[in-house]
Structure formats: C-alpha cells, structure tokens
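Report on the following structure.
Every number in this text was worked out from the coordinates using simple rules, so none of it is lab data. Keep in mind that what you see is a predicted model, and the values were worked out from it rather than measured. Backbone-built Cβ (ideal geometry, glycine too); neighbour counts: all protein chains shown.
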Amino acid sequence: MKSVLKISLLFGLAVSVSSCFDKKSPNYQFFPNMYESVGYETYAESAAFNGDNQLQGQTAQEPPAGTVKRGFEIYDYENSTAGYELAKANLKSPLDSISEKDLKKGKELYGIYCAICHGDSGNGVGKLVEREKFLGVPSYADRPVTEGSVYHVITHGLNAMGSHANQLSQHERWLVTDYVLQLKSKL
C-alpha cells in the first residue's frame with residue numbers, strides 16, 4: 001500500500017511539473033525588469049523630477065536652503081578688485097606651523113595645478129607658456145604677493161587664470177599658497 005502511494009505521489013508530481021511546460025514560452029520571469037532592463041538615452045529628458053513630482057516630495061537632489069557643506073568655511077572676500085585688495089592686506093594663513101610633510105603636499109599640488117602655467121620654479125615659464133598656448137603668465141618675483149592675495153587668486157581666479165576652488169579644498173589651497181610664497185622667496 002505504501003509503495004502504491006509513493007508511486008502515485010511521484011506520478012502526480014511528474015504530471016504537475018510537466019503540465020507547466022510550454023514550448024512557446026519556455027520560461028516564466030517573476031521580475032522581468034531585472035532581467036531585461038529598459039534602455040534610456042544618456043542625456044534624454046526625464047519626467048522623474050519635473051514640477052509635478054516636486055509636490056510629491058521628489059526633487060533633483062538639491063540641498064536644503066541655507067545649508068553649508070560639512071567642513072566648509074565661508075570665505076568672506078568677494079570676487080572683485082576690492083575683495084582682492086582686502087584679502088591682500090588682511091587675510092592670513094590659518095595654518096600654524098608648516099611641517100615637512102605639508103611642504104611636500106604643497107609642492108605636489110603646485111606641480112599638478114600650477115606648474116603647467118607658472119613653471120616649476122614660479123618664474124612664469126611653464127609648459128603651456130613654452131608652447132605659446134598662454135602668454136603673459138606672471139613670475140612671482142615680479143609681483144608684490146602676500147599669502148592673502150595668493151589664496152584669493154587660487155579661490156576666485158584672476159585674468160586668464162580660473163578658479164581652483166572646486167579642485168582644491170581650503171586646506172590644500174593654503175598649502176599651495178605657502179609653497180608659492182616659498183618659491184617667491186627663492187626667486
């Protein structure tokens with residue numbers, strides 16, 4: 001009796017498994033979007049963050065109003081000639097002591113961001129000046145620069161030089177400033 005029950009159970013299981021088989025659609029997918037994702041154009045417009053969805057609480061990752069990035073210190077000198085003159089006269093480095101490691105880091109950052117135009121020694125003859133891509137890059141020996149003026153120019157840019165505030169953190173800008181002043185003293 002037990003063997004007949006086992007045989008019938010096995011037969012019923014085989015019938016139920018084979019009854020789901022269909023040659024026209026051989027597979028059933030529970031989540032088809034996971035296997036066959038929708039292809040979107042890279043720069044196509046999307047309705048995901050349009051004005052209607054903002055009512056539902058969806059925004060395009062905008063920070064809340066009045067917030068400041070963690071660790072960010074507000075730079076009070078405006079991007080103008082007056083702001084440059086104020087920074088040149090009043091702004092001092094917050095770095096207490098410059099260690100040998102910090103000087104190496106300042107030299108490394110200067111080599112990455114500044115030496116291409118200003119030259120390795122700060123004489124205003126970098127690779128781009130040698131190849132005549134930029135002309136009139138000043139030598140640090142020709143300019144009366146202070147740590148405030150160098151930091152202000154790195155932060156906001158001046159003339160053909162653009163701002164490096166997005167590439168360098170505030171601490172890194174001060175390291176580059178100290179290295180520039182060290183180069184100026186050698187010229």
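Which FRET efficiency, nearest 0.05, do Asp120 and Val68 yield, Cβ-Cβ r, R0 35 Å? Between Asp120 and Val68 the formula returns 0.45.
Couplings 3J(HN,Hα) for the range 151-160, derived from phi with the Karplus relation 6.51 cos²θ - 1.76 cosθ + 1.60 (θ = phi - 60°), are 4, 5, 5, 5, 6, 9, x, 7, 6, 7 Hz, where x marks Gly and Pro. Spread over its residues, the convex hull of the C-alpha atoms of the range 71-187 is 105 Å³ per residue. For the listed peptides 68-74, 171-177, 142-148, a ranking on the average number of other beta carbons within 10 Å per residue, highest first, reads 171-177, 142-148, 68-74.
Count the net charge of all other residues whose Cβ sits under 11 Å from the Cβ of Tyr77, scoring Lys and Arg as +1 and Asp and Glu as -1.
On the way: positive: Lys88; negative: Asp76, Glu78, Glu85.
It works out to a net charge of -2.
Modelled label positions at Asn166 and Ile112, each set 7 Å beyond Cα in the direction of Cβ, lie 1.6 nm from each other.
Full extension of the chain between Lys6 and Glu132 gives 36.3 nm of extra length, using 0.36 nm per residue less the Cα-Cα distance. Alpha carbon centre of the range 67-95 versus the range 3-19: separation in Å? One Cα centre to the other: 82 Å.
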